[in-house]
Amino acid sequence: MPTTTDPTGALPSRAVLSRAVSDLVRLPGGVARFFAAVLRRPKVARLVRYALSGGASALTHFAIGLAGVHVLHLRPVLASTAGFLASIAVSYLLQRAWVFRSTAGHALAGAKFLTVTAVAFTINTAVLWTGTELLSTPYPIVQPIALTLIPLINYSLNSRWTFATPTRPTPGRPHAGADPALPTP
């Protein structure tokens, strides 16, 4: 049986998996070694950072909303709106600097991030309206569907568009999307 990675390098070898599983079985140090090995993979580490930033964003939303209601005596919708706006800022800053480690300028990345946030809001609204209003499905069943779709779509759009690292064209060759009929600069 081969013990090398697949041709794309995306999957670990059987030997690596076998050792990781045997390390995992030998508790407690094996668990730490197993997760350390998994987190060394850049894409997995980025997904973990994304999940942690999402948790920080949700915690920000909830904490500010809670403080708004119980400390400032704001109406719940107003307090939640303030929490939501703060969570957008936390999410953007963490995703740009830590999750995707982007060097994109704030004006462009921020505008794209807000566009993705608007897409997520629209998807949430559409899923909730379709599920609860058209299909008469209870809210506790419908909302988890939206809460599963939204992070997947957000991650995909933010990693491939919002915070994507632009590629520089090779001198003398047109960049992707260039009109081949026009001369290259």
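The numbers here are math on the coordinates, done by the rules we state, and not lab data. None of the values given here were measured: they were computed from a predicted structure. Positions of Cβ are generated from backbone atoms using ideal geometry, with glycine treated the same way; all protein chains shown enter the neighbour counts.
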- Message: Taking amide H atoms as placed 1.01 Å from N in the peptide plane, list the residues 5 or more away in sequence, or in a different chain, whose amide H sits under 5 Å from that of LEU74.
- Response: VAL69
- Segment HIS106-TRP161, extension gain: residue separation times 0.36 nm, minus the distance between their alpha carbons: 18.4 nm
- Item | Contact order normalised by residue count of the stretch 42-101, Cα under 8 Å, 6+ apart, percent | 42 percent
- Listed peptides 100-109, 135-144 by packing density, highest first (mean Cβ within 10 Å): 100-109, 135-144
- Using amide H atoms built 1.01 Å from N in the peptide plane, name the residues 5+ places from THR137, or on other chains, whose amide H lies under 5 Å from its own. THR132
- Query: PHE100: net charge of surrounding residues, Cβ under 9 Å, Lys/Arg +1, Asp/Glu -1, itself excluded?
  - Reply: +4
- Message: Could you give the length gained by full extension between ARG19 and LEU93, i.e. 0.36 nm per residue of separation minus their alpha carbon distance, to one decimal place?
- Response: 22.9 nm
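Given Cα pairs under 8 Å that are at least 6 residues apart, what percent is the relative contact order of the stretch 105-163?
46 percent
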- Ordering 65-77, 110-122 by per-residue average of other C-beta atoms within 10 angstrom, highest first, gives 110-122, 65-77
- Say each of ARG46 and LEU147 gets a label point 7 Å from the Cα, pointing the same way as Cα to Cβ; how far apart are those two points in nm? 2.7 nm
- Query: Along each of its three principal axes, how wide is the spread of alpha-carbon positions in the stretch 42-101, in whole angstrom units, largest first?
  - Reply: 44, 14, 14
- Item | Counted charge near TYR155, where neighbours are those whose Cβ lies closer than 13 Å (Asp, Glu -1; Lys, Arg +1) | +4
- Message: So, R0 is 25 Å and r is the distance between the beta-carbons of LEU72 and ALA118; what FRET efficiency does that work out to, to 0.05?
- Response: 0.35
- Provide the per-residue ³J(HN,Hα) series for the stretch 96-109, in order, calculated from phi with Karplus coefficients 6.51, -1.76, 1.60 and θ = phi - 60°, each as a whole number of Hz, with x at glycine and proline positions. 5, 7, 10, 6, 9, 6, 8, 10, 4, x, 5, 4, 6, 5
- Item | Placed amide H near ALA164: partners under 5 Å, 5+ positions off or other chain | none
- Peptide ranges 82-95, 148-161 listed from the most packed, as the mean C-beta count within 10 angstrom indicates: 82-95, 148-161
